[in-house]
Amino acid sequence: MFYCLFSAQFTLAQDNLSSTTTPFFHDWFASESDEVLRETALSFIAQAADHGLDPHDYHYEQLSALDPQHLPSQQRFNTLLNQGLRELVHDLRIGRWSIDIVDPDWHIEQDIIDPDALLRDALVSGNFNEQLNNIAPTHDTYRQLQLALQRYQHYAKQGGWDNIPPTPTLHVGDVHPHIAYIQQRLAIEDPFFALTHAIPSTHYDPLMAQAIRRFQHRHQLTIDGVIGAKTIRALNISVDDKIAQLRINLERYRWLPRQLDDRFIWINLPQYRLQAFEEERESLSMNVVIGKPNRQTPSFYAEMARMVFNPYWYVPNKLARLDLVPKQQHDPNYFLLNAIRVFEVNNGEKSELDPMFIDWEDYSAHRPFPYLLRQDPGRRNALGQIKFLFDNPWQIYLHDSPSKSLFNDPNRAYSSGCIRVADPVQLANFSLEEHPAYGSVTERIDSEENQGLVLQKKLAIFVVYFTVSVDDNGILFLPDVYHRDQRMVKNLY
């Protein structure tokens, strides 16, 4: 279970401390004014729990047990407090755990920090408390996750909730004895519903359906008011697992650079969502399709450098073997109907072949594929009408898609790793906002000509993995689509 994660001890990755100065040391008993600083420092360590960290890991219990009036205790106190502060500053600023171990698919570079310098600066600043409180991420999403963590820790102290027994699919108007259990469960997280259903009943009424829809929204489920197996499964996620999920995601937020760009694209994989921000304000938002669980999209940072209108699709060899050749074997006209051309490549020179004269039965997923497949531009092109390019080792890019219906599916993990965007024209307009005299995006598409465009100014892209997020209605618990939360748990035992 997730909650075991945070009772386990994990050795601090010392190579991330990056201190270029002598270790921080302060005598917390040198003068009367140090008493206030000492209390501030102890309070700072106690508040580690608000960030999903354990104050015990920063010597809080040992420090609290020492007698500050006893000289040997003072020496021990100085040693423990200075060490605990250094480690907590590190953990709050860039994360506690080694990313390479706990989430090897996260490839966003951490900030390099000097905890000793940060503590020295805080002490001489004249506002020690404020400087310490600014160590952790200060953006609103992180704060909302902290508040949610406090709320669910309160639920845990109250005993959490019981599992709902196996229940048939329920619709508004149904009567079933388990409805009372579901109402009690909903009332814990939904204050409005708690007021309207103070006395549970066995009748599934319209007000309860509204609460179910709110719950389904918070858990990325189909928002239909039907209580089916997926909704029951989400209702039965334990409070301890939700607490652990919040702690994991608070840690991931600490891995991010402290300063993001003025204009950037943010893609949260478990949310299947792309957002564009300018000066910390959301400029656009759209659904995306991400890689299948067996062809996962990693978390990474890149800079969009160019885009292509009416692109060709050069099919990766592996994808050709696994996906397209079987379709051609099933239907000899598949390549022809989908404008897919076959080339033989010798010494860098391409020569086109007629697919009707190739015995496709000779090729399988387990044999080398000797040809290059290329799909011509057009409405059937797998990349749609625009693709957005940026350097990365996985050859991932953003692109349009002719399969528009997939963007309405609650589970949108269907691609081979690249990210499909629901509204490429809107994204292109945002990306080109600072580009002089580029012409109309729709005019370029309507020309049906394959043409590229280099961005005057590169655009930052963050592809991230957060299974807890926020929207205008509050906290969202998202599916662990790639089981990376589970892997974090396993790697920390």
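Data overview
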{"read-out": "At 0.890 mPa s and 25 °C, Stokes diffusion of region 161-237 via Kirkwood alpha-carbon radius, µm² per second", "value": "203 µm²/s"}
{"read-out": "Restraint check, Lys350/Lys387; Lys292/Lys490; Lys292/Lys387; Lys327/Lys490; Lys350/Lys458, Cα-Cα greater than 27 Å", "value": "Lys327/Lys490; Lys350/Lys458"}
{"read-out": "Largest to smallest principal axis extent of the C-alpha atoms in the chain, angstrom", "value": "92, 66, 47"}
{"read-out": "Region 368-454, relative contact order [Cα under 8 Å, separation at least 6], %", "value": "23 percent"}
{"read-out": "Whichever aspartates and glutamates have a C-alpha closer than 18 Å to that of Lys157, once near sequence neighbours (fewer than 8 apart) are set aside", "value": "Asp50, Asp54, Glu189, Asp190, Asp240, Asp241"}
{"read-out": "Förster-model FRET efficiency, 35 Å R0, Asn450 and Tyr414, C-beta, rounded to 0.05", "value": "0.85"}
{"read-out": "Glu39 versus Glu282: modelled label distance in nm, points set 7 Å from Cα along the beta carbon direction", "value": "4.2 nm"}
{"read-out": "FRET efficiency, His56 to Ala194 (Cβ-Cβ, R0 45 Å, nearest 0.05)", "value": "0.85"}
{"read-out": "Electrostatic dipole magnitude of the chain [Cβ: Lys, Arg +1; Asp, Glu -1; Cα centre; debye, to 20]", "value": "1220 debye"}
{"read-out": "Kyte-Doolittle mean at least -1.0 and Cα axial length at least 24 Å: DSSP H helices in the chain", "value": "71-94, 239-255"}
{"read-out": "Euclidean distance of C-alpha centroids, region 384-443 and region 34-93, integer Å", "value": "49 Å"}
{"read-out": "Mean Cβ count within 10 Å, highest first, over the residues of peptides 238-244, 333-339, 206-212", "value": "238-244, 206-212, 333-339"}
{"read-out": "Separation in nanometres of the label points that stand 7 Å from Cα toward Cβ, at Glu32 and Asp140", "value": "4.5 nm"}
{"read-out": "DSSP loop GluC sites (Glu not before Pro) with at most 15 other Cβ within 10 Å excluded, longest remaining stretch of the chain", "value": "110-278"}
{"read-out": "Relative contact order (%) - criterion: Cα under 8 Å, at least six apart; region: the chain", "value": "18 percent"}
{"read-out": "Share, in percent, of DSSP beta bridges within the chain that are antiparallel, nearest 5", "value": "80 percent"}
{"read-out": "Pair-distance profile P(r), taking every C-alpha pair of region 28-136, with 10 angstrom steps and integer %", "value": "13, 44, 31, 10, 3"}
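Here, each number is a calculation from the coordinates, and none is a lab measurement. In this text the structure is predicted, and so the values were computed from the model without any measurement. Glycine gets a Cβ as well: all are built from the backbone with ideal geometry, and neighbour counts include every protein chain shown.
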